[in-house]
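Read through the structure below, which is laid out as structure tokens, and then see the notes.
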Amino acid sequence: MKTEKNSGSASKGKVRKKMETCIIKVLNFSTKKGDVYKAEPPLDLKEAFSKFARGENQMKKDQLLRFMVEHQGENISTIEDLDKIVEKFLQLGSSCSSTKTSSTRIVDVYRKQGLSLNDFIDFLLLGDFNGPLKDEVHHDMDAPLSHYFMYTGHNSYLTGNQLTSESSDEPIIEALKQGVRVIELDLWPSKSSNNDGIKVVHGRTFTTSVPVSKCLQSIKDYAFHKSDYPVILTLEDHLTPKHHDKFAKMATEIFGETLYFPETDHLTEFPSPESLKKRIIISTKPPKECRQSAIISKPVPNGREPSEEESRGLELPSSVAKLKTEDRNSSDEDQEDVNTSDNKPNQQDARQYKHLIAIHGGKSKGSMKNRLKDDIKVRRLSLSEKKLKSASESHGADLIRFTQRNILRVFPKGERVQSSNFRPYLGWLYGVQMVAFNMQGHGKSLRLMRGMFKANGGCGYVKKPEFLIRTLPHEEVFDPKKPPSVKQILKVKVYKGDGWSLDFSPTDFDRFSPPDFYTEVSIVGVPADCDKNKTRVKTDTWYPVWDEEFEFKLRVPELALLRIEVKDKDKGKKDDFAGQTCLPISELRNGFRSVPLYDRKGKKYKSVTLLMRFKLETLNKL
């Protein structure tokens, strides 16, 4: 009896599994064939098509040109200009639309009889020309470096967490490919023959090391892969004086003519990004101010790596471990020198190393008021996120005045062992140029960082707003806690989404039915500008059409970001992620725009796209 019962259960299980497989195959077939129901095109799109096509069923070349100029604000004037744009898509073979109309067919139809309404909508979804942002550098790049936000990495060589992950040049390469312009290396003496006498490693942790020469070579090879604007190499220098000459020789030989040598040791103003194109710049504390304690400079006996207690106090009482963490943070900050009696600096070596340093790290001891004191000579100061937050509460105006001429770098607190990041606005609102982030992770903060640096053609340098660069009348400075009245109104309309059926399998969201998508649209910026809205849920469709508009009042649009995230609604559990992007509002292009979405880690989907409309209205000044 028992055998028969088990046999019956097994048989039912096989039947159930076969039915599930059959349903999935049906869903898969219908999705791939494009037979899933698609809603009617939004009214706005139909009206725009009818207006510029003069009520006809086809939009001719001259009519499309008029639409591009008058409605989209494109800077083209002739049909020949338009032909060049269209031909570009034929070469690219864009695949961002999941309809049967390919980019090749759109071009053929355009050449012969013009675009139908559906062709017109597919044309708008081709994001290579119709994206939400300008794709070229358009900010003034002739101002001093201190006038720009810079795309900045923290511990750029780490592949994972801050305690036990491997060090490699691969994260550096990836960061440079993404447009990061500030790379950080921690330099330590090494007895290993594989490390050229100098290793890159996160000190007092269990992370592995990587030879400095390998990192420098990768920086040279990929520095200008994404952008021609300068790469700044910030060094956390734990080297003994005898290693400085070795590093200087290595950097000079590897970087060659791309290495920038400052004309003077006492800059009163930083050079501009434009004047430093295709150059690599070194920033650290001059050697006579380098921290040279016996613990740092002397190798551990027998060439072994530090013990657990020496590394970070992991198994010491919590109070001691906290002190260890704070000490590790303080080494990240610029510190005054602590010379040892048996390690007298070699003056010739020190001068050679010193001549490489274009951006000097400054002292960070004393009161915050003293640290932020402006001087004739410009410098870079480093603070932890904790100290910046404290300073913003008590010395906000001093922070902004300091960053008008000098460079401030802010790095994650030591407790972020999983390589998480803080909210970048903590720095941006006070003019901090180098908000240093762990690029190997992911999360909302990193999405904001990537969103900010999509501005200015993604070159890695974003000009700060004038109110952060110049002193206001009566010697006042910008106060993020007291923003001005509303300057602009942003209207965002979410029409439709497309491409999920190409980038996801039929069961990625719901096992037996199409997804239930909705879109969240939010503003991130000064507290007074922050707002959030979301569309209705569109059930059981891979091709959602929402056709909903949201309005946002902006007081400081220059620093505001638009966050967009699509989710699949799930009853009784967390909604599924279906794509996201983040866009700088000051850079948005008006009109109908194709907005590509990205996965959690910031990788662009091949096909997933939203069709949206942006309208930014500036209010009349009274």
The stretch 499-593: chymotrypsin sites (Phe, Trp or Tyr not before Pro) in DSSP loop, at most 15 other beta carbons within 10 Å | 512
Top positive-direction residue, dipole computed over the stretch 503-622 with Cβ charges, set 590, 546, 513 | 590
Listing 613, 511 by rising number of other beta-carbon atoms within 10 angstrom, fewest first, gives 511, 613
Note: the stretch 360-427 at 25 °C, 0.890 mPa s; Kirkwood Rh on alpha carbon pairs; Stokes-Einstein D in µm²/s works out to 196 µm²/s
Which of 277/482; 496/574; 569/604 have a Cα-Cα distance over 28 Å?
-> 277/482
When you take every Cα atom in the stretch 400-527, what is the radius of gyration, and what is Dmax, the widest Cα pair distance, in Å?
-> 19.5, 66
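Within a 10 angstrom radius of the beta carbon, how do 71, 243 rank from fewest other beta carbons to most?
Values: 71 15, 243 22.
Least crowded to most crowded, the residues run 71, 243.
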Ranked by Cβ crowding within 10 angstrom, fewest neighbours first, how are 213, 419 ordered?
-> 213, 419
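If you average over every viewing direction, what projected area does the convex hull of the Cα atoms of the stretch 523-610 give, in nm²?
Average projection, Cα convex hull of the stretch 523-610: 7.0 nm².
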Using only the alpha carbons of the stretch 473-545, determine the length spanned along each of the three principal axes and report them from longest to shortest in whole angstroms.
-> 65, 19, 18
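Each value in this text was obtained by applying a stated rule to the coordinates, not by laboratory testing. Since the structure is predicted, the reported quantities are computational estimates derived from the model, not experimental observations. Positions of Cβ are generated from backbone atoms using ideal geometry, with glycine treated the same way; all protein chains shown enter the neighbour counts.
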